[in-house]
Amino acid sequence: MSVLSIAAKTQPAARRSLPPDALHRTLNELNRRRMTPTYDAAAWGDALESEYALRRLELAFIERERQTIAARAAEAPLDADGFVRWFEGLRETGPGQGDPLFPWLEQHASLEQVKWFLEQEMAGEAGFDDLVALTQVKLPARAKLEMARNYWDEMGQGSAPGMHGPMLEGLARALELTPRVETTVWQSLALANLMCGLANNRCYAYQSVGALGVIELTAPGRSACVNVGLKRLGMSGSARRYYALHATLDIKHADAWQREVLHTLVSAEPQCATAIAEGALMRLTAGERCFTRYRRELWG
């Protein structure tokens, strides 16, 4: 029996039955703590006990997510060429693709509706640069180099004005957004918790590769819609820069990720294809869950 299976079986029933809203606010706190630098080393004992309990919740959550897509992931080819073709197909056939939310944001949403959507997205933002940095640890050189190039683009290739994170913060300032965990739907928090959980646990390293890769594959179309919607509502090019950039740059990233990361990893270890497929499908399914909730909130 795996360590994850044992953790799931031994976890107290009260913790297993946490409602989604409480669960994901709790896991959000785990990720806030472990991703935030601190100098309070003297409190390591209490911190370790708290993290142990929270990570049991996290691993049980990830395993539930994995089980929902395991059968589809098992259908992914194990040869590198076939797997990359399967992965590319997720752009059209993956969960949440073609969701009507994004054409609506582009063409019809009011400024207040777009602001609500952006606050949900920003509150659930896990930080792509940090996730890539965590995921690439000890991967083969060719895959690591492509992930490093991706990270360097996220970091503005060494220029502070070009960093992607601050670009998004600039949009938040321009729109006077106040993203807060307390006002964020649990589906958005769950998406961030999934991404952080995959990147922070080495037993899910390949799932994290798949989840990050499928973001690059599927984000350009959604980003383009949001960018056009913001332009329609009078936002300047500088404010829209984050979404305008990701509408085009991620196309290049997706091609390189498939060639340099996915093909390389599956060629070396065919069995990792299933794990990469699991990560991609988990990420898309979590995104689809967000889109459905957003439409329910925005469209009543």
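Just so it is clear, none of the values below were taken in a lab; they were calculated from the coordinates. The shown structure was predicted, so the numbers you read here are calculated from the model rather than taken from an experiment. Backbone-built Cβ (ideal geometry, glycine too); neighbour counts: all protein chains shown.
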Alpha-carbon centroid distance for the pair the stretch 83-159 / the stretch 170-206, whole angstrom: 12 Å
Net charge of Cβ neighbours under 14 Å - reference ALA123; Lys, Arg +1; Asp, Glu -1: -3
Prolate/oblate/rounded call for the stretch 235-300, Cα gyration tensor, a/c under 1.5 rounded: oblate
Table column - 3J(HN,Hα) (Hz), the stretch 81-90, Karplus curve with 6.51, -1.76, 1.60, x for Gly and Pro: 4, x, 5, 4, 5, 4, 5, 4, x, 5
Packing-based order for 188-195, 53-60, 224-231, 70-77, using average beta carbon neighbours within 10 Å, highest first: 188-195, 224-231, 53-60, 70-77
Assigned charges on the beta-carbon of Lys, Arg, Asp, Glu; the stretch 141-221 dipole about Cα centre (debye): 280 debye
Computed helical MRE - 222 nm, the chain, DSSP H runs ≥ 4 contributing -39500 (n - 2.57), nearest 500: -24000 deg cm²/dmol
Test item: Cα-centred dipole of the chain, Lys/Arg +1 and Asp/Glu -1 on Cβ, debye: 280 debye
Tensor-based shape of the stretch 186-300 (alpha-carbon gyration tensor, a/c under 1.5 rounded, otherwise prolate or oblate): oblate
In nm, spacing of pseudo-spin labels at GLN271 and ALA53 (7 Å Cα→C-beta vector): 3.6 nm
Linear extension gain, ALA174 paired with ARG293, 0.36 nm per residue minus alpha-carbon span: 40.3 nm
Summed residue charge, Cβ within 12 Å of GLU49's Cβ, Lys/Arg positive, Asp/Glu negative: 0
Shape of the chain, Cα gyration tensor, a/c cut at 1.5: rounded
Radius 15 Å from Cβ of PRO166, net charge of other residues (Lys, Arg +1; Asp, Glu -1): -3
